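What follows is a single structure, written as structure tokens, with notes after it.
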Amino acid sequence: MNGAESLVKTLTDQGVDICFANPGTSEMHFLKALENPRMRSVLCLFEGVCTGAADGYYRMKGTPASTLLHLGPGLANGLANIHNAKRASSGMVNIVGEHSASHLKYDPPLTSDIEGLARPLSHWVRRSETSAAVAWDVSTAIAKASEHPGKIATLLLPGDTSWQDAGDLVVPPPAARQIKRPDPSRIEAIAKVLRSGEPTLVILANRATRGDAVELAGKLKTSTGCRLATQFFTSRIERGAGRVTLERIPYAVPQALEFLKGFKHIITLETTEPIAFFSYPDKPSLLKAPGTTVHTLSEADEDSAAALQMLLYALNAGAAKAVLQARAEAIVPQGALTPATIAAALAAALPEHCILVDESLTTGRETMGLTVGAAPHDLINNMGGSIGYGTPVATGAALACPDRRVFCMVGDGSAMYTIQSLWTQAREGLNVTTIIFANNSYAILKAEYANMGAGAPGPQALAMIDIDRPRIDWLAMAKSMGVPAIAVDTAEGFHKAMVNSAREQGPTLIEVRLY
């Protein structure tokens, strides 16, 4: 067994059985090792699709996927979506090929400081120095990626380490994976705050927005009168009919200040106090009102469900019943496509337990409020702000949950960063509906131009924001990568296209023409 074979065997033995790959010459022995029938290998045509798909896979599955990237430039191509994954607390094991040690001394063209590239966006980086060390190294990487919150682990695999004999597999003993519980004294201090009756907002993130934790938060709301919210962007929320409703802190600073001004206390679970996404002239970075106190109920590495159970016990409120969202009447909108009619069409069309990946930026700003009573579904947002995350994340989510339809809402500007995802979706037969909001512009930048106090954009500034010369042919783009596509220009047409896509197997693209 060579080093590459020992790596793949260790990955699969420890539950990492999918690899999003964009291989090169130095990874040929790894490529051969991927013929292991326990490993699903998924070819992606750009490294940013590999890393984004691994992010989406983790968000739905809760266990890390692996990627295969070609040397330093391949890693560099994947870094934007590694950044997004890190901000979303997604676990990931990146395997990066490297030149053989004997070849590096000649400074071949693809030589780079791979560790230097990896370190700022990885929690753990290691170079396997010998074939015998590979199994130990990758086992350690898996353990790191599997922590709570999830971590980015990056392992460098030199060519000679890959092809030389690995001997007997030696791996570290399995580590106990137990999430930390919060300090009881902290629980009692927060219980005192809630007993005071002063206006309190509880902000939930990461694991607190799904599973037992969000239902326990609903009990807390019932028993104390607190309000429940998320930051504007959240890694994954279980929402819709039959679930506890979470409000959303607005993105724009003036609206966020207005939303937060009445609270005396903010209690956080796996997140920080609200901050502005960017710095704006004459606007604050911290969004809480003067005099508001922030209390941490559970840190990022703690068990939010346990924290909420402990808090309910301290308040003698364990028997409280959470108020669940009622199912809204599905009304199919008619006429022009606007943010409101688009959201209404979504609310009416979303099937039970689908996954909604949102990278719509401007067009989808009203989506969350108007889909709150839709069928139960999972919502995924971009936590890191680097665009081009949506279609890769949808690809990974579909592979994690093959029995669920994935809807991916993305602006036309953002989609062009990683549109290669469509090819992988077609090749793998994934149930993904990609919704392109085509306004032929980076519309978000027009709004931010005004928010920054720069006034009205002139002709040259507009030329850097509009993308209509030439206009992108989305139907041809989809067809070229094997994905059926349709264009719509009315709200009822959009609703019909979504419903039809959910009835079919495989990927679909819907171009929503906003011009």
Work out the P(r) tail for the range 339-513: percent of alpha carbon pairs separated by more than 19 Å, whole number. 55 percent
Rough spin-label spacing in nm, given labels placed 7 Å along Cα→Cβ, for R40 and E129: 3.8 nm
Let me check I've understood the local charge: for I355, count other residues with C-beta under 14 angstrom from its C-beta, Lys and Arg +1, Asp and Glu -1. What total comes out? 0
By DSSP, what percent of the beta bridges with both residues in the range 339-513 are antiparallel, rounded to the nearest 5? 5 percent
Quickly work out the Y515-to-I331 label distance, labels modelled 7 Å from Cα along the C-beta direction, and quote it in nm with one decimal. 3.2 nm
Would you list which lysines come within 23 Å of K32, measuring only between C-alpha atoms, while excluding same-chain residues fewer than 8 positions from it? K9
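Could you give the C-alpha radius of gyration of the range 184-314 expressed as a fraction of 2.2 N^0.38 Å, taking N as the number of residues it contains?
Values: Rg = 14.1 Å, N = 131, 2.2 N^0.38 = 14.0 Å.
Normalised by 2.2 N^0.38 Å, the Cα Rg of the range 184-314 equals 1.01.
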Per 0.36 nm of contour for each residue apart, how much would the distance between L110 and T222 grow if the chain were fully extended, relative to their Cα-Cα spacing? 34.4 nm
Hey, which aspartates and glutamates would be in cross-link range of K261, C-alpha to C-alpha under 19 Å, not counting anything within fewer than 8 residues on its own chain? E198, E247, E273, D282
Can you give the log10 of the normalised intensity I(q)/I(0) at q = 0.07, 0.09 Å⁻¹, computed with Debye over equal Cα scatterers of the chain? -0.41, -0.68
Highest to lowest packing among 45-52, 457-464, 240-247, 339-346, scored as the average C-beta count within 10 Å: 45-52, 339-346, 240-247, 457-464
Rg/Rh for the range 28-186: what does it come to with C-alpha atoms and Rh from Kirkwood? 0.99
If R₀ is 22 angstrom, what is the calculated FRET efficiency for the pair K180 and V294, using the beta carbon separation as r and rounding to 0.05? 0.65
Net charge within 9 Å of V202 by Cβ-Cβ distance, Lys/Arg positive one each and Asp/Glu negative one each, not counting V202 itself? +2
Is the range 86-141 best put as rounded, prolate or oblate by its Cα gyration tensor, with a ≥ b ≥ c the root eigenvalues, rounded for a/c under 1.5, and otherwise prolate when a/b is larger than b/c, oblate when not? oblate
List every residue whose amide H lies under 5 Å from the amide H of F407, counting only residues 5 or more places away in sequence or on a different chain, with H placed 1.01 Å from N in the peptide plane. I355, L356, V357, T433
The aspartates and glutamates whose Cα lies under 20 Å from the Cα of K144, excluding any fewer than 8 residues away in the same chain, are D13, D17, D55, E115, E129, E270, E299, D301, E302, D303
Rel. contact order, % - alpha carbon contacts under 8 angstrom, at least six apart, the range 1-154: 26 percent
Could you check the spin-label model distance between S196 and D301? Points 7 Å from the Cα along Cα→Cβ, value in nm. 3.0 nm
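Based on the Cβ-Cβ distance from A340 to K264, what FRET efficiency comes out when R0 is 45 Å, to the nearest 0.05?
Approximately 0.85, to the nearest 0.05.
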Using the Cβ atoms and a cut-off under 10 Å, what net charge is assigned to the surroundings of V488, where Lys and Arg are +1 and Asp and Glu are -1? -1
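Computed from the coordinates by the stated procedures, all read-outs in this text should not be read as laboratory data. Just so it is clear, the structure is predicted and the values come from calculations on it, not from any experiment. Using ideal geometry, Cβ is built from the backbone for each residue, glycine included, and neighbour counts are taken over all protein chains shown.
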